[in-house]
1. For residue 123 and residue 28 in the same chain, what is the full-extension length gain: residue separation times 0.36 nm, less their Cα-Cα distance, in nm?
2. Roughly speaking, to the nearest percent, how much of the chain's 1.4 Å accessible area is carbon and sulfur?
3. What percentages, rounded to whole numbers, describe P(r) for the range 1-136 computed over all alpha carbon pairs with 10 Å bin width beginning at zero?
4. Averaged per residue, what accessible surface does the chain expose to a 1.4 Å probe, in Å²?
5. In terms of Cα to Cα distance under 17 Å, which aspartates and glutamates are near enough to residue 60, apart from those fewer than 8 places away along the same chain?
6. At a probe radius of 1.4 Å, what is the per-residue accessible area of residue 10, in Å² to the nearest 10?
7. What whole-number distance in Å separates the alpha-carbon centres of the range 1-19 and the range 105-176?
8. When only Cα pairs under 8 Å and 6 or more residues apart are kept, what is the percent relative contact order across the chain?
Amino acid sequence: MKLSAENIKFIDNYLKNSEVIYYDIRMEMLDHVATAVEQKMQTENLDFYDAFKSYMVVNKKEILKGNKLWSGFSKDIILNFLKFLLQPIMILIGVSIYIFYKNVDVSSCFSESFTIRDFFVVFLIFLALFQLIYFRLILKQRFFVIEKIFGLLNIIYYLQMFFMNQHKNESPSILTLTMFSYILIGYVLYFSKKIYKFNVNKRHLAL
């Protein structure tokens, strides 16, 4: 017995009221609960509300425990990002970036008042501002993976400051430029991928 859109919305509101604030975590819980309730309706010949109540009495504590585990944990985000950087297409992009820097003197495109180091800092600030605006004005939902990805920018920023300032009076090496260009492009692509997944899941819920 399939759940109606009204039933799905009921479960979603229940999870919201139980402080499952992150949209993507809530969607995973929603799918899990909906499947279990459907099975209970079929095997025990119950209507939706009786099946839901019966299921949640037994399983609510265990289900909501997962929300607490996710709320402050972001190590998986970093690991997933590193795995993303090691995908074949990303390795190919990295090699292409290195070849580009090997053959093009990009430092000549900048001045003493605005160096390539400054460009990387400005680009990082632009990404941070864009994400803040995107979170507040466009998403209008809290999305765990996307919010935690934001923390990656802090790591990238401090790495950039450390490596770029190793030789302040010299232009960054080709290897350094390649590494940070690679990480930043990877970050933009990874963030875009997660935004796309968010929008697909959002449309799926609306249906």
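The values are calculated or read from the model by the stated rules, or taken from the named source; none is laboratory data. The shown structure was predicted, so the numbers you read here are calculated from the model rather than taken from an experiment. Note that each Cβ is placed from the backbone with ideal geometry, even for glycine, and that neighbours are counted across all protein chains shown. Accessible surface areas use protein heavy atoms only, side chains included; no ligands, DNA or RNA. Shrake-Rupley method; radii C 1.70, N 1.55, O 1.52, S 1.80 Å.
1. Here the answer is 30.8 nm.
2. Carbon and sulfur: 62 percent of the exposed surface of the chain.
3. Result returned by the calculation: 9, 23, 22, 17, 14, 10, 5, 1.
4. 63
5. Straight-line reach from residue 60, under 17 Å: 12, 19, 28, 31, 38, 50.
6. 80
7. The two parts, judged by their Cα centres, are 40 Å apart.
8. RCO, the chain: 27 percent.
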